[in-house]
Every structure is written in structure tokens, then in C-alpha cells.
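Comments concern the structure below.
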Amino acid sequence: MIGSGTLTKQLASYFAGVNYDALDGAALRVTKEHILYTLGTVLAGSSAPGAQEVRAGARAFGAGQESSVLPFGEKLPAPAAALVNASMAHSRELDINDDRIAYKSSVAAVPAGLALAEKFGGFSGKNFIAAVCVGVDFGIRLGLATNPKPVHAQAIALGPLAAAVTCGKLLGLDADGMADTLGIAYCRVSFTGNSTVSPSLTKRLGIGFAAQSGVLAALLAQAGFPGAGELFQGKGGYYNFFFNQEGDYASILDQLGQRFEIVEVGPKPYPSCRYTHPAVTGVLSLLGKHSLRADDIAEVRVEIGERDMRSVGGWTEEDKRNKYRPRGIVDAQFSIPYTVAATLLRGRLSLAEFTDAELGNEDILRLAGRVTTILRPELDNWPLDVKPQLLEIITRDGQSYRERVDYPKGNPKNPVTSAELVESFRSMAGYSALPLTPAKIDDAIEFILNLEKAPDVSAIAQLLTA
């Protein structure tokens with residue numbers, strides 16, 4: 001190992017030594033649910049725009065009987081399979097999100113770990129759970145340590161490091177090997193190319209590159225390739241290089257190995273940008289409390305902060321046109337007018353509302369035209385990345401119904417239950433490009449929710465192959 005870093009060496013030693021026994025009951029349960037849910041997003045993404053193209057492009061890495069592309073069963077070299085599966089997992093905007101820092105916590109680590117586990121075989125469920133939990137926890141801690149706050153931590157920046165820790169743990173690397181893995185993964189950190197406008201699909205591809213980087217980093221370290229020294233502190237460290245200031249290192253080390261941040265992160269219940277979810281949560285709450293019909297609605301007012309206005313509300317005139325009449329699925333996923341209108345009209349916001357037919361549905365688009373986004377800059381003062389939103393529905397007879405949402409559905413303060421998560425997996429599996437039998441879906445749920453009993457997690461790939 002080159003150099004003699006301090007924090008990096010401390011972390012690498014921890015990663016090499018921590019194991020399944022460190023997980024408490026909550027961390028165990030939530031990690032298994034993260035694995036199940038993330039694999040559901042892979043299945044749903046297998047039929048999304050771009051999935052066929054990323055599969056075809058990944059074949060350029062060569063054929064290899066190593067790791068499966070779900071649900072097709074096509075085998076590619078492990079890094080290529082991780083790239084494809086993670087890209088598909090992110091494509092439906094359903095992957096698990098940390099409302100504190102916006103980090104997509106499991107979408108890189110789970111596909112990377114599964115690809116590596118299938119390549120070698122023989123990794124137990126306990127080892128896999130521990131590797132995913134520790135990798136995801138590390139990615140979150142890196143995000144929480146970022147200054148200035150509040151933080152918007154990009155998955156393409158943290159994903160390579162989180163996935164690398166997961167893969168290094170699976171390979172059983174010692175402290176030097178884990179340090180090398182981190183150093184190699186640092187070479188693949190990116191902050192660019194994260195486009196959220198149609199027709200670009202690079203946002204989802206960036207997650208694929210993060211998962212691929214984690215696999216490659218661990219394999220190179222296992223082969224003896226030396227990494228760098230201190231990656232995080234100092235002038236050339238991660239935080240100074242990208243943020244021009246030191247990180248909050250106490251956040252990385254606080255109760256490390258005793259408290260796992262994965263328990264503070266929940267799945268996204270709606271297939272759209274997380275910044276649309278407070279408004280959607282508010283709509284569903286009001287629909288549950290009152291007898292509201294879309295035809296009776298005169299106007300919907302959504303009060304949002306400047307950050308949300310720029311990303312999902314429509315900041316420029318061109319932005320507004322794309323929010324009200326999306327040119328493609330990505331525009332719709334990042335639009336409060338569209339998501340609010342679709343939710344009001346359908347009484348839900350599911351994958352069914354993000355088809356080409358629905359994007360051109362004039363009933364939804366007319367209702368979207370009655371949704372007004374109103375700037376309230378003080379909402380940006382909220383300490384979390386996901387900001388509160390205020391919703392008001394005004395009916396044609398002059399009635400007004402208001403709702404403020406501080407914690408959208410999926411936040412630990414407004415959680416998706418374990419039962420709802422399982423049903424979400426079933427729903428996502430229904431969008432698989434190749435249908436899975438109900439028996440296979442049931443078997444996959446049973447296997448993953450009891451994963452600590454499994455002698456070889458590579459069986460997951462067989463269960464999720466049509």
C-alpha cells in the first residue's frame with residue numbers, strides 16, 4: 001500500500017474486521033429489505049427505456065459465464081453485469097433514497113455485491129448481508145460528513161466507494177487490501193453527467209458505472225494492485241478536492257460498527273424524483289380525507305423552495321413547458337405538475353403513470369395545467385435535503401383543502417412498512433421484461449427475507465431469472 005494515511009487506514013482496518021455479528025436486529029431486517037427492494041428495482045428497470053441499449057453496450061466487455069443480467073439470465077463478466085443491473089435499478093426512480101442527503105444508498109452496492117457473489121459462488125447469506133450493510137453505511141456516512149450543510153450527496157460520487165467496500169468485504173480482504181480497494185475506487189468517483197432532462201438517460205448510467213467501479217476496485221486490490229494513501233483528509237483528499245473544505249470526520253466515525261445508518265433510510269414509494277414526493281404524499285393524504293374528484297378541481301397550488309423549483313417546479317419558461325407537457329419519462333419523473341395531476345386523476349402514483357400513453361394523456365395534461373408551483377424560499381431552510389412542501393387544492397365551488405408535508409412517505413418518520421415493501425417488490429417484478437412466475441416471486445421473497453440462513457447467495461440470480 002502506498003502512503004500512510006490516517007483516517008483511511010482506520011476505516012480499512014474496521015472494514016476488514018467487522019462482521020455479521022455487529023448487526024443488531026434493526027440493521028439485519030432493514031438490510032434484507034434493502035436487498036429485496038433493490039432487486040425489485042432491477043426487475044422493474046429491465047423493461048425501462050435504455051435497458052436494452054445498456055445490455056448491448058455491456059457486451060463489448062466480452063462474453064463470460066460469471067454473473068447474470070436480471071431477469072434475462074445472460075451471463076457477462078461481473079463488472080459488466082453490475083453495470084447493467086445497477087443502471088436498470090436506477091431507471092425507474094424507485095431506488096432507496098436518504099432524505100437527509102439525497103444519497104441513493106443501496107442501488108450501487110447491492111448489484112455490485114451480487115455480481116461478485118455469483119462470479120465466485122459460495123458466499124453465505126450472513127457474509128452478503130454484512131457486506132451490503134457495511135458498504136451502504138459507509139456511503140451514507142461519507143455523505144453526512146460533507147460540508148457545507150445541508151448536503152446533496154450524489155450517488156455517482158459515493159456509490160463507487162460504497163460498492164467497493166461491499167465487494168472488498170465479500171472477498172475477505174485484509175486492512176491493506178481494503179485500503180487499496182478504497183484508493184482504486186476513488187479513481188472512479190464522478191460528479192458529472194447526472195442529467196435529469198429528456199431524452200438523456202445518463203443519470204441512471206452513472207449508477208451503473210458506480211457499481212462496476214466497486215467490483216473492479218475490489219478485484220484489482222485482490223490481485224495486489226496498490227491504491228493511494230489518505231483519501232479523505234488533507235489538501236488532495238475527497239472533501240477538499242470536491243468541496244474545498246475538510247469533512248465532518250466525526251460523522252464518519254461516530255459509533256462506527258455499533259449504529260448502522262441504513263436503518264435511517266427508506267424506499268421511495270413513487271417512481272419519480274424524491275423532490276416530488278412531498279406534494280404527492282400531500283395529494284394522497286387529502287384524497288384519503290376528503291371526497292375530491294379531479295373534475296371538481298379548479299386549481300392546485302404547491303408551495304416549494306427555490307431548490308425544488310429549479311429541479312421539479314419549472315424555473316425557466318422552457319423548464320415550465322417541459323414540466324407541464326413532458327417530452328419523455330425523465331421530464332415527467334422530475335415534474336411536480338405532472339406527478340400531482342397523475343396522482344389526483346388516478347388516486348396513486350405508480351409505474352403505470354409513467355408510460356408513453358399516460359405521458360400523452362390529455363386528461364392528465366389538462367389537470368397538470370391547473371397545478372401552480374409557488375416559490376417560498378424559506379422552505380429551503382429545512383435541515384434535510386428533502387424539503388417541506390405545502391399543498392392547497394381549490395375546488396370549483398370555492399372549497400380549499402391544505403396539507404403541509406415535512407416528511408414524505410418513505411421517510412423513517414413516515415415509513416413504508418415491511419408489508420408494503422414486499423408488495424412493492426411484487427409490483428416491480430410485474431414490470432420485468434421477462435415475466436417471472438408467481439411461484440418464483442414468492443420463492444425469491446422467502447429466500448431474501450431469510451437470507452441469513454442461505455449457504456450461497458448466488459441462488460438469488462437463479463430465482464430472479466425468467
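For the reader, a short list of remarks on this structure follows.
- Candidate set from the stretch 308-350 (those that are charged (D, E, K, R) and modelled with pLDDT of 95 or more); member that is nearest to the chain's Cα centre (by Cα): D308
- Exactly one residue among A60, A86 is of a type in the set (A, V, I, L, M), in a helix (DSSP H, G or I) and either surrounded by fewer than 18 Cβ atoms within 10 Å (Cβ to Cβ) or more than 24 Å from the chain's Cα centre (by Cα) (or both), and that residue is A60.
Condition check ((1) under 17 Å from I374 (Cβ atoms); (2) aliphatic (A, V, I, L, M)) across all residues:
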{"residue": "G305", "(1), (2)": "yes, no"}
{"residue": "S311", "(1), (2)": "yes, no"}
{"residue": "G314", "(1), (2)": "yes, no"}
{"residue": "E317", "(1), (2)": "yes, no"}
{"residue": "Y324", "(1), (2)": "yes, no"}
{"residue": "I329", "(1), (2)": "no, yes"}
{"residue": "A341", "(1), (2)": "yes, yes"}
{"residue": "L345", "(1), (2)": "no, yes"}
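- 1 or more residues buried (at least 18 other Cβ atoms within 10 Å of the Cβ) and in contact (Cβ under 8 Å) with a residue 60 or more places away in the chain: qualifying helices (runs of 4 or more DSSP H) within the stretch 335-390: 336-346, 362-368
- Set side by side, the residues P278, P269 differ, and just one is crowded, with 19+ Cβ neighbours inside 10 Å, in contact (Cβ under 8 Å) with a residue 24 or more places away in the chain, of a type outside the set (K, R) and touching a Gly at 6+ places or on another chain (Cβ under 6 Å), which is P269.
The values are calculated or read from the model by the stated rules, or taken from the named source; none is laboratory data. Note that this is a predicted model, so its numbers are computed, not measured. Cβ: placed from backbone, ideal geometry, glycine included. Neighbour counts: every protein chain shown.
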